Each structure stands twice: as C-alpha cells, then as structure tokens.
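**Q** After the structure tokens below, expect a handful of questions from me.
The values are calculated or read from the model by the stated rules, or taken from the named source; none is laboratory data. Keep in mind that this is a model prediction, so the values were computed, not measured. Using ideal geometry, Cβ is built from the backbone for each residue, glycine included, and neighbour counts are taken over all protein chains shown. Note: areas computed on protein heavy atoms with side chains; ligands, DNA, RNA excluded. Shrake-Rupley method; radii C 1.70, N 1.55, O 1.52, S 1.80 Å.
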Amino acid sequence: MFPLILLYVVLTIVRPQDYMPALVGVPVLSVVLVLAFASWLASSAKTFAAPQFVILPIFLVVLMVSTAVNGWFGGALDQLQKFGPVVIAFFVFAAACTQPRHLLVSMAVIVLCAAVLALHGIEQARTGMGWTGVPIGEDGRIQYVGIFNDPNDLGLLFVTALPMSVLLSRHGGFIGRLFWLGCSALLLYGVYLTNSRGALLAVLMVAGVYIWRRRGAVLASLLAAAGLAGMKLLSSRMQELDAGEESASGRVDAWYTGMHLFTSHPIFGVGAGNFTEYNDLTAHNSFVLVLAETGFVGYALWLAFVCYSFWMMLSLLRYTPADTDDQTQPAQLQRERSVALTLLLTLCGLFTAAFFLSRSYTIVMYLIIAMVTGHYVGARQRLPGLRGFTLGKDWWRWVPAAMGSIVGLFVLVAILLRTSG
C-alpha cells in the first residue's frame, strides 16, 4: 500500500504522464490509485479513527447533491468522477502516514518532487523553456504542466513543502542537513520565480507562526512587518498589493459575487463547479468558492474538515502527560511535537495561499490533510493520554463556527469594496 500511494503522490506532482509521449493518454494515475486502494482494502493498517474520515465522504455527497438540486442531475456523476479519487487518495495516504517513518518518507518524497518542479522553473527562467516543453509565462512567471500550470499553484506547492524540508534537515547528519537546507533554499527561490503574492504572503505566515511559537507574538509581529516591507522590495506584484489595484479589485468583485450567490442559494449553493457560470473569474478564495457552490451545508462540512486538522496539531503541541504512570519518553514527545509543528506550519502556509486562490477541491490540499490526520491517529496510539475527536460530540461546534466565519467574510468583503471604491 505505502509504495503505491507514494507513487501516486509522485505522479500527481511531477506528472510525467502529461508530457512524456509514451505516457500521454495512458491512465497511469488512475491505475496506480486503484491498486493502492485495493491494497488499502486488504490491509490491516486502514483506519477511520478521526472525524475527517466521516466528513469527506459526506462532503462528496453534498457536492453531488449541489449540482442535482440546481437542475443538472448528470453533474452528480461528474462530481463523483472528479472528487471521488480525492476521497480515495485521502483514505489511503492517511492510513500510510500513521507510522513516523512512513510520514518522514512521505515528506521527503513531497519535498523532492517540489524541488524537481523548482528546477524546472529555474530552467524556464534561464532559457525561456522547461524540459516539459512548457515556456515561461508571458509575464515572466514560471509554470509547469497539468494542475501546476498556474504559477500560483506552483507557489502553493513550494510553500507547503518548505516546512517539511526544514524538518528533514534535522535528520541524516551533516550531509543530510546540507542537502535538505539546500532544498529549502531551492523552494524559496521557486516561490520568488512564481512571483505569486499569495505564496509570498504564505511564506511570511509560516515564518511568523514559527517565530510566534518560539519567541512570542511581539517579535513575530515586528518581524512580519519587516518581512512584508522586504517582500514589497523583492516583488513588483507585492508593490501593487491593495484593493484598488486591477487584479486585486477583480478578486474582491469575485468575492462579492460569491457572497451574493450564497445569499440567493443558501442551503446547497449554486452547484459544484458552477461559479464561473455567474462570474467571468473564479472566486479566487477557497472559502468563498465552497460557500457559493455548496451553500451552508457544504461549507460547514468543509470548514470542519479543515479546522479539525489545525485543532489536532495544536492539541498535540499542547499535550502534556498527566498520568504519572505514563511511560512516554521526553525524547519521543519532543519528536511528536516537532512533527506536529511542521505540519501546523504547512497548514498555515497552505491555507494562507488558498485564501487567495480557488483550490477548494484540488488534490494537494487533501494529501496534506491526510498526512496531518494520519499523524494524529498514529500519535494517539503512541501517546495514550492524547485526546480523541469524534464528530458525534463536536458537530454542534461547526454550525456557529461556520456562521461566524461567514459573517467575517461579509465584513471583509464590505471593507475591501469601500477601500477599492
């Protein structure tokens, strides 16, 4: 199971099937996922010991229902074909990441794959063309093939892999440290070449949260302000970061449209994939996109799915054995916390970038959350006193949480509209 799901991750990120003539048109990604799923079904390692395993299949059903109630019954099958593989990959990858060694190997694979894409971007920047045959963008921003054709998606991938490469630098001795720190530098340079404002802000968020955890909020705030000023000097697009700039204004208008679509279709939204039927641009915000397309039902489920991941990592970071008979070793607890902090930073970077992108249903997000979920399930087996989460006990929390976040989105959009006006 583990080698197959790792191969699926490699094919998802590096995507040789999209540019190698011998693989173009061959459904290698689907075949590998089916084989991994079959191995998972036969494995004793499969687990359902987290709320995400319940929420995600229900969210898939809501995606299907959202299209059907808006008059396109064939859209239900379309959503099953599109999002069904994401659900399967989540279940298999989460089960594979319950073991610490498997989790570190998975991180290494993701970092190495992201580094390959960064090297492709460097070749593009140097020669104007990458080895995939994809040229550099007309605006000078690097891009890749398939789901990473958008520079913003590349930036999101680099940011999510960055904390993992830093963690890996603490393993493997001096040579290993140099190698993984070199990968970190390569990923940072890749973010710079994407010139993605969302990715640059995500890097700043990752650094800020790390400093906040280590040195406190005051120093983190001061360094974040200095970092934002520095990024404005590095990136011409960061200098245009205001609501009145044309690109930013278009995003604000898209957010406004999304909120309006929610008020007109509050229960199941306008249907998954239908946002651009009402607006020329996509929502450019993963939260707004889910809210507009799946309504309150889908949004509450998706928000719970995301927030449980943050909650789990924070719980692990704050965990202290209370039982004097607990045999947990300090070194073991420190390793668990170190991995939890890495995954928390990865989540912070991922969702900072996702706040400015419509990536609510893309595979990368769900692979990362699978790693988080798998790590927490495994940590509960290794740390008996670590709290468990069950949707049956916590479901009521997500109704007011969803309502509060929706109000926050309305307020944010109103402020930005006044600013851009």
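**Q** Using a ≥ b ≥ c from the Cα gyration tensor of segment 329-421 (square roots of the eigenvalues), is it rounded, prolate or oblate, where a/c under 1.5 gives rounded and otherwise the larger of a/b and b/c decides, a/b for prolate?
**A** Judged from the Cα gyration tensor, segment 329-421 comes out prolate (a/c at least 1.5, a/b above b/c).
**Q** Using a Gaussian network for the chain with springs between C-alpha atoms less than 10 Å apart, which of these wobbles most: Leu291, Leu186, Leu77?
**A** The residue with the greatest mean-square fluctuation here is Leu77.
**Q** Using Cα-Cα distances under 8 Å and only pairs 6 or more residues apart, what relative contact order does the chain have, in percent? Mind showing how you got there, number by number?
**A** Working: 592 pairs, mean separation 87.6, N = 421.
Once normalised by length, the contact order is 21 percent.
**Q** Also: Accessible area, 1.4 Å probe, largest first: how do Phe355, Phe2, Phe275 sort? Don't skip to the answer; put the middle values down first.
**A** Values: Phe355 55, Phe2 30, Phe275 0 Å².
Order by accessible area, largest first: Phe355, Phe2, Phe275.
**Q** Given bins 10 angstrom wide, list per bin the percent of all Cα-Cα distances in segment 61-173, short to long.
**A** 13, 27, 27, 25, 7, 1
**Q** I would also like to ask the following. Taking the simple approach of a point 7 Å from Cα along Cα-to-Cβ for both Asn149 and Val87, what is their distance in nm?
**A** A separation of 2.8 nm, rounded to one decimal place.
**Q** Along segment 388-402, what does the Karplus equation 6.51 cos²θ - 1.76 cosθ + 1.60 (θ = phi - 60°) give for ³J(HN,Hα), rounded to whole Hz, x for Gly and Pro?
**A** x, 10, 9, 5, x, 8, 9, 4, 5, 5, 7, 5, x, 4, 5
**Q** Once both labels are modelled 7 Å past Cα along the beta-carbon direction, what's the Val24-Trp395 spacing in nm?
**A** For the pair Val24/Trp395, the computed spacing is 4.9 nm.
**Q** Turning to a different aspect of this structure: Need the C-alpha centroid separation for segment 194-225 versus segment 43-98, integer Å.
**A** 33
**Q** Further, regarding this structure: Let's test the formula: R0 of 35 Å, r as the Cβ-Cβ distance of Ala49 and Leu219. What FRET efficiency results, to the nearest 0.05?
**A** E between Ala49 and Leu219, to the nearest 0.05, is 0.40.
**Q** If you work out Rg and Dmax of the Cα atoms in Å from the coordinates, which of (1) 20.9, 73; (2) 23.5, 75; (3) 21.2, 63 do you get?
**A** Calculated Rg and Dmax of the Cα atoms in Å: the matching label is (3).
**Q** Could you list the square roots of 5 times each eigenvalue of the Cα gyration tensor of segment 1-48, that is, the equivalent ellipsoid semi-axes, sorted largest first and rounded to whole Å? Intermediate values should be presented prior to the final figure.
**A** On the way: eigenvalues 121, 20, 8 Å².
The three semi-axes for segment 1-48 are 25, 10, 6 Å.
**Q** Now a separate question. Using modelled backbone amide H atoms (1.01 Å from N, in-plane), which distant-in-sequence or interchain residues come within less than 5 Å of Arg359's amide H?
**A** Here Ser286 satisfy the definition.
**Q** Let me ask you something else. Tell me the carbon and sulfur percent of the accessible area for the chain, rounded to whole percent, probe radius 1.4 Å.
**A** Roughly 66 percent, rounded to a whole number.
**Q** What are the ³J(HN,Hα) values, in whole Hz, obtained from phi via the Karplus relation 6.51 cos²θ - 1.76 cosθ + 1.60 with θ = phi - 60°, for each residue of segment 24-39 in sequence order, with x given for Gly and Pro?
**A** Using θ = phi - 60°, the values come out as 4, x, 8, x, 5, 4, 5, 5, 5, 5, 4, 5, 5, 5, 4, 5 Hz.
**Q** First measure r as the distance between the Cβ atoms of Leu281 and Glu123, then evaluate 1/(1 + (r/R0)^6) with R0 = 22 Å and state the FRET efficiency to the nearest 0.05. It would help to have the intermediate numbers written out before the result.
**A** Details: r = 31 Å, r/R0 = 1.39.
For Leu281 and Glu123, the calculated efficiency is 0.10.
**Q** At 1.4 Å probe size, with every protein chain present, just tell me what the per residue accessible area of the chain comes to in Å².
**A** 43
**Q** Let me ask you something else. Below 8 Å, C-alpha to C-alpha, sequence gap of six or more: please give me the relative contact order for segment 1-156 in percent.
**A** 23
**Q** Kirkwood hydrodynamic radius, segment 146-219, all distinct C-alpha pairs: what's the number in Å?
**A** Result for segment 146-219, one decimal place: 13.1 Å.
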